[in-house]
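Colleague: Let me give you the structure first, and then I'll get to my questions.
The values are calculated or read from the model by the stated rules, or taken from the named source; none is laboratory data. Every value quoted in this text rests on a predicted model; they were computed, and no experiment measured them. Virtual Cβ from ideal backbone geometry, glycine too; neighbours counted across all protein chains shown.
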Ligand code: KG4
Ligand code: ZN
């Protein structure tokens, strides 16, 4: 089955062709055009600017994806598209484009929840990588994606969401908890701004933290000991703000020291809750995803801590390029959760959350 996936929920315009065969998904192309340069100038995303950029890129990106996959529109079995959550203008560009193609070519559409899409970055066979250092938990030459066993705990950590889910099977999932205020990526971005780092803050904080002194600052780890699976990151941002106000000038070393302490605080909470959920639900797999999952320290420490707790769950992390927004994850989620609709049954839902069962 061949699927053309489209993702336009925020500032990335992406199109991907995948081929699904039994429980494997082969990535034939994944073209991502980011309008980040525009948003760096404004220190964040202005929705109207993002939508305008989507309009510019949507057709060339679809054309590139078809060309790279050596596929024609006629060969496509299903169209998959993100219908929410996201910025309304950006979402409309992708959804209306896909609806037009579906109408003209008489093809079915599989609408995909963007957050569910992030989880499915772990199921892309060719491009995702298993990264586990515990030989008992699997070896590095396993075929990615195909070995994911249920029940699985999924941590989705992006700029807009921080959610922990329990998957009993494809399409059968339950939301265990989420953030009560800021998302983890949002915390990275806001703290990055306080430290005068470029937007988006996550990768900049990760870079700065590499030369940080771990003994100089320590920030609170909100809700780390709570019995639920919720998160809260807005207090951390306030703690960083207070610290920066005490400091006369933020030199490079101080910036690195604060970046490291803030990164560690965020990572520690994410790992503690994810492993606690894996233990409680006797998970066989842990899937991390979303932009923040590109953070190498989060990946390494999660694997290390899982090993030291002797968890039976195998840890899966997508290739870094599949952590941030892309259409391959949308097409893959569509393949494993096929609920095709006609063009006139699909519309955007910017406020969409998890439609859990
Ligand atoms: O998933 P994503 O591309 O878009 C949303 O759906 O939100 O996530 C973007 C978020 C941003 O907040 C960005 O700062 C964060 O992911 N991010 C990172 C890293 N790379 C991206 N956070 C921490 N470390 C990184 N290396
Ligand atoms: Zn996303």
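Colleague: Determine, yes or no, whether residue 159 is modelled with pLDDT of 95 or more, within 14 Å of ligand 1 (Cβ to nearest atom), closer than 18 Å to residue 118 by Cβ and within 17 Å of the chain's Cα centre (by Cα).
Modeller: Answer is no for this residue.
One line per residue, one yes/no per condition, for (1) in the same structural domain as residue 340 (by TED's automatic domain parsing); (2) within 16 Å of ligand 2 (Cβ to nearest atom); (3) closer than 22 Å to residue 110 by Cβ:
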| site | (1), (2), (3) |
| --- | --- |
| 17 | yes, no, yes |
| 30 | yes, yes, yes |
| 37 | yes, no, no |
| 42 | yes, no, no |
| 46 | yes, no, no |
| 50 | yes, yes, no |
| 61 | yes, no, yes |
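Colleague: In region 296-335, what residues are more than 13 Å from ligand 2 (Cβ to nearest atom) and crowded, with 22+ Cβ neighbours inside 10 Å?
Modeller: 298, 302, 306, 313, 314, 315, 316, 317, 331, 332, 334, 335
Per-residue answers, yes or no, for (1) modelled with pLDDT of 95 or more; (2) within 16 Å of ligand 1 (Cβ to nearest atom); (3) in a helix (DSSP H, G or I); (4) touching a strand residue (DSSP E or B) at 6+ places or on another chain (Cβ under 9 Å):
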residue: 258; (1), (2), (3), (4): yes, yes, yes, no
residue: 263; (1), (2), (3), (4): yes, yes, yes, no
residue: 270; (1), (2), (3), (4): yes, yes, yes, yes
residue: 275; (1), (2), (3), (4): yes, no, yes, yes
residue: 279; (1), (2), (3), (4): yes, no, yes, no
residue: 283; (1), (2), (3), (4): yes, no, no, yes
residue: 288; (1), (2), (3), (4): yes, yes, no, yes
residue: 302; (1), (2), (3), (4): yes, yes, yes, yes
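Colleague: Out of all the residues in region 197-211, which are modelled with pLDDT under 95 and either more than 10 Å from ligand 1 (Cβ to nearest atom) or under 22 Å from residue 246 (Cα atoms) (or both)?
Modeller: Passing the criteria: only 198.
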